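Notes follow once the structure below has been shown.
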Amino acid sequence: MASTASWSERPCSIGALVPPHIHTREDEYSIVTEGEIGFRSGDREVVLGGGGYITKPRGEPHTMWNAGSSPARMIEVISPAGFENFFRELADLTSAGPPQFPDVLALADRYGLQFGQADWLPGLIERYGLTPPPGG
C-alpha cells in the first residue's frame with residue numbers, strides 16, 4: 001500500500017527562519033514538540049509551544065521561525081507523500097557545505113516548491129531577531 005503522507009522531526013535553532021514558500025502539491029501540518037515556533041500561513045500568524053499545531057494548505061504562502069530563546073523541535077506531516085525526497089536531496093546538496101542558491105531553487109522547482117518574498121517578512125525578522133533567508 002502506498003503511503004499517503006510523510007513526516008519528519010525537524011530541529012529549529014535560535015534565530016532560524018524558513019524562507020516564505022508555497023507547496024503546490026502538498027498540504028503541511030506542523031506539531032511543536034519543544035520550545036516555541038512561530039508560523040505565518042496566509043494571513044494567520046501564531047506562536048505555538050509544545051503540543052500546538054497548525055495546518056498549512058497547499059497553495060498558501062507560509063513560513064516558520066524559532067520564536068523563543070532556546071532550540072525548538074517540531075514534527076512535520078506532509079501529504080500526499082513524496083516531498084520527503086526533497087529533504088533527502090537537500091541533505092545531499094548540503095553535505096559539502098552551504099549550497100549555491102540557484103541549485104536550491106532548481107531542486108525546489110522539481111518538487112513544486114516556490115519561494116517568494118513577502119511584504120511582512122522584514123517586520124517579522126526585526127520583531128524576532130531572525131537570520132534573513134538567502135537573497136533576503
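The values are calculated or read from the model by the stated rules, or taken from the named source; none is laboratory data. Not measured: the values here are computed from a predicted model. Because the Cβ atoms are built from the backbone with ideal geometry, glycine has one as well, and the counts that use them run over all protein chains shown.
If I filter region 109-136 down to residues being of a type outside the set (S, T, N, Q), modelled with pLDDT of 95 or more and not in a helix (DSSP H, G or I), which single residue comes out as nearest to the chain's Cα centre (by Cα)?
In this case the residue turns out to be Leu113.
Could you look through region 65-102, keep only residues that are under 14 Å from Leu113 (Cβ atoms) and part of a strand (DSSP E or B), and pick out the one that is farthest from the chain's Cα centre (by Cα)?
Ile78
State which residue is surrounded by the most Cβ atoms within 10 Å (Cβ to Cβ) when the search covers only region 67-111 and only residues that are under 18 Å from Cys12 (Cα atoms) and of a type in the set (Lys, Arg).
So, considering only residues that are under 18 Å from Cys12 (Cα atoms) and of a type in the set (Lys, Arg), the one surrounded by the most Cβ atoms within 10 Å (Cβ to Cβ) is Arg73.
Is it true that Thr4 is surrounded by fewer than 13 Cβ atoms within 10 Å (Cβ to Cβ), at pLDDT 95 or above and β-branched (Val, Ile, Thr)?
Judged against the criteria, Thr4 is not a match.
Give the residues of region 68-82 that are touching a residue at least 60 places away in the same chain (Cβ under 8 Å) and polar (S, T, N, Q), sorted by residue number.
Residue satisfying the conditions is Ser79 alone.
Considering each residue of region 44-67, count those that are of a type in the set (Val, Ile, Thr), closer than 15 Å to Glu28 by Cβ and touching a residue at least 12 places away in the same chain (Cβ under 8 Å), and give that number.
3
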